[in-house]
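A short worksheet on the structure shown next.
Just so it is clear, none of the values below were taken in a lab; they were calculated from the coordinates. Model, not experiment: these values are computed from the prediction. Methodologically, a virtual Cβ is constructed for each residue, glycine included, from the backbone with ideal geometry; neighbour enumeration extends over all protein chains shown.
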Amino acid sequence: MKNTLREMIQRNAKYYGDRLAFKCDGDSVTHSEFYEQSLQLARALSASGAKHQDRISILSMNSLRYFIVYGACELSGLITSTVNFRLAPMEVRQILQDASPSVLFIESDFIETIETIRPELSGIKHFVITDGNVPDWAISWEDFVSTVGEEQVTEPSEDDICYLIYTSGTTGKPKGCMLEHRAETEMAQTLATCMGVGAHDKTLLMMPLFHIGAKAIALAQQWVGGSVILQRAFNPIEVLSAIDRERVTATHMAPVLIQEMLEVPDFQSYNISSLRMLIYSAAAMPTPLLKRALDNFGPIFLQMYGQTEGIATMLPISAHQINNDSGAQRRLGSVGHPFIGMDITIRDENNNALPDNEAGEICLRGKMLMRGYWNNMPATLETLSGGWLHTGDVGKIDDDGYIHLVDRKKDVIISGGENIYSREVEDAILIHPNVYQAAVIAKPDDKWGESVCAVVSLREGKAMSDEQLKVHCQQQIARYKAPKTVVFVDELPLMPNGKINKLLLRGKYGKS
């Protein structure tokens, strides 16, 4: 058997053909229907002139047809190149010019975005509207797939690229990660095993499909012939309703979304007893939030750590215990152990391995990593130097082999020659019961070089002064680590993957 996603789709159609594969907004397909519709689209793409390893882009919110586009490329050796629909037109143009797709699928809500930049997208041969009204320069989904004859599709090989997924741009310009069939089948099998899912499971997803997180969890569920319930976007009430209505067994979201669910006034009225696993990723879960979540959802939490370039570690359900045992507390602050087949090392600026309990850059090596960055050899060589994928995350390994994520390299604040890790300060702030969310950034300081600036949103109906928050922090962490500046805001800006957008915060509050 080839290590390709085509084999997975065909296997599901053969053995689980009549089982639900995907459901979104009332539309659904079985595994056999998914295979047939994906193959039909793959043939249409071939008829349109798309060649082996051509890029096929999609600009859309979550939808059933999003998965069909993915499926068509997975079957045919084409590359799905996703676009973040929240980007400004000029940012969308930048990604499309970099990916250079031959076909672009567009949800009707984003027609205006493409109309603005279409003169600069001369390389795109076909603009396909997935729903609604169709402008005169585009073609409807129905017309595009109906033009197919008996075109054959090229079968992918395991070293073909299947996805070109752009990073979230937390540290600057997004980069296109080239993900191969071999790596993605390995990831699907590994995650399915770690999650313990089977054909009977239903996994609910609401994170955007243009990022790897939701797609990776979907692949794990597909790997075993199960069902994916998809929502167009996150809405806490709709998530709870879907778990109740569909008898969902697993779901995946960022910690900030879990927090929003717990804020639903009649949370207890929803029947969530079917849910046996809640996977969180994208950011650490502050201990106060995790305790509250465990009290309300039960012991069903599993943490995964990774990035678009590759997944790395897992903290299993069994480790999510809040008690007075120091070892248990330490484990909860970690991102777990490496996945099977994944090597992790902590390295210094000269690429030398560091001993346990010493902070440095987290570096990965294994089968589930990207090939490199599209059209960006300098960044590829830098990130993959020495045979290791350099994550840009600062972390350490404790005596029991647990990986502790300390900070992003570019988020480390150097004040008076001392390294201050933003996560440590954020954890101290979030312990305060009045605080809802917090992000820590560097601010230029004439005396110390940089100082700590905290941007904080408070819980509804709560109030506190910046001085009160500073005193609170000084009781939790060393005085030099405590915020020198506190900015209170109504809400913190989020990226599509649920992370707080520190790039935006630095631009607004990180100046002298």
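Working ranking of peptides 59-66, 392-399 by packing, defined as the average number of other Cβ atoms within 10 Å per residue, highest first, is 59-66, 392-399. Evaluated with a Cβ-only charge set (Lys, Arg +1; Asp, Glu -1), the stretch 104-236 carries a dipole of roughly 640 debye about its Cα centre, given to the nearest 20.
Set against the 2.2 N^0.38 Å expectation for a compact globular protein, the stretch 1-72 has a Cα radius of gyration ratio of 1.14.
Within the stretch 412-509, the ratio Rg/Rh, alpha carbon atoms throughout and Rh by Kirkwood, equals 0.94. 3J(HN,Hα) along the stretch 437-452, derived from phi through the Karplus expression 6.51 cos²θ - 1.76 cosθ + 1.60 where θ = phi - 60°, amounts to 9, 8, 9, 10, 9, 8, 10, x, 9, 4, 8, 9, x, 9, 10, 8 Hz, with x in place of Gly and Pro.
Simple rule: put +1 on each Lys or Arg Cβ and -1 on each Asp or Glu Cβ in the stretch 234-409, find the dipole, and look at His390, Gln268, Leu289; the Cα lying farthest toward the positive end is Gln268. Note that the stretch 119-126 has calculated 3J(HN,Hα) couplings of x, 9, 10, 5, x, 7, 7, 9 Hz, one per residue in order, obtained from phi through the Karplus relation 6.51 cos²θ - 1.76 cosθ + 1.60 (θ = phi - 60°); glycine and proline are x. Taking the fewest neighbouring Cβ atoms within 10 Å as the starting point, the ordered list for Thr147, Thr113, Thr190 is Thr147, Thr113, Thr190.
Each of Trp448, Trp374, Trp137 was scored by other Cβ atoms within 10 Å of its Cβ. Listed from fewest to most, they are Trp137, Trp448, Trp374. Using +1 at the Cβ of each Lys and Arg and -1 at the Cβ of each Asp and Glu in the stretch 11-123, identify which of Cys73, Tyr16, Pro101 lies farthest towards the dipole's positive end. My answer, from the dipole projection, is Tyr16. The relative contact order of the chain, computed from alpha carbon pairs under 8 Å that lie at least 6 residues apart in sequence, is 11 percent. In the chain, helices alone account for a calculated mean residue ellipticity at 222 nm of -9500 deg cm²/dmol, with every DSSP H run of four or more residues adding -39,500 (n - 2.57).
From most to least packed by mean Cβ count within 10 Å, the peptides 74-87, 477-490 give 74-87, 477-490. With K and R counted +1 and D and E -1, the other residues having a Cβ less than 13 Å from that of Gly341 yield a net charge of +1. Taking a sphere under 14 Å around the Cβ of His320 and counting the other residues whose Cβ falls inside, with K and R at +1 and D and E at -1, yields a net charge of +3. Phi-derived couplings, Karplus 6.51 cos²θ - 1.76 cosθ + 1.60 at θ = phi - 60°, listed residue by residue for the stretch 318-326: 4, 8, 8, 10, 9, 8, 7, 5, 5 Hz, with x used for Gly and Pro.
Can you grab the distance from the C-alpha centre of the stretch 409-485 to the C-alpha centre of the stretch 157-228, Å, no decimals? The distance from the Cα centre of the stretch 409-485 to that of the stretch 157-228 comes to 35 Å. When peptides 288-300, 218-230 are ranked by their average number of other Cβ atoms within 10 Å per residue, the highest-first order is 218-230, 288-300. Under 5 Å between amide hydrogens, built in the peptide plane, is the criterion, and for Glu180 it picks out Cys162, Arg371 among residues at least 5 positions away or on other chains. Backbone amide hydrogens, once placed in the peptide plane, bring Val435 within less than 5 Å of Arg459, excluding anything fewer than 5 places away on its chain. Ordered by the number of other Cβ atoms lying within 10 Å of each residue's own Cβ, fewest first, Lys2, Lys511, Lys502, Lys409 fall into the sequence Lys511, Lys2, Lys409, Lys502. The charge dipole of the chain, taken about its Cα centre with unit charges on the Cβ of Lys, Arg, Asp and Glu (plus for the first two, minus for the last two), comes to roughly 640 debye. Of all lysines in the structure, those lying under 23 Å Cα to Cα from Lys14, and not within fewer than 8 positions of it along the same chain, are Lys2, Lys23, Lys202, Lys215. About its Cα centre, the dipole of the stretch 412-509 is roughly 100 debye, where the only charges are +1 on Lys and Arg Cβ and -1 on Asp and Glu Cβ.
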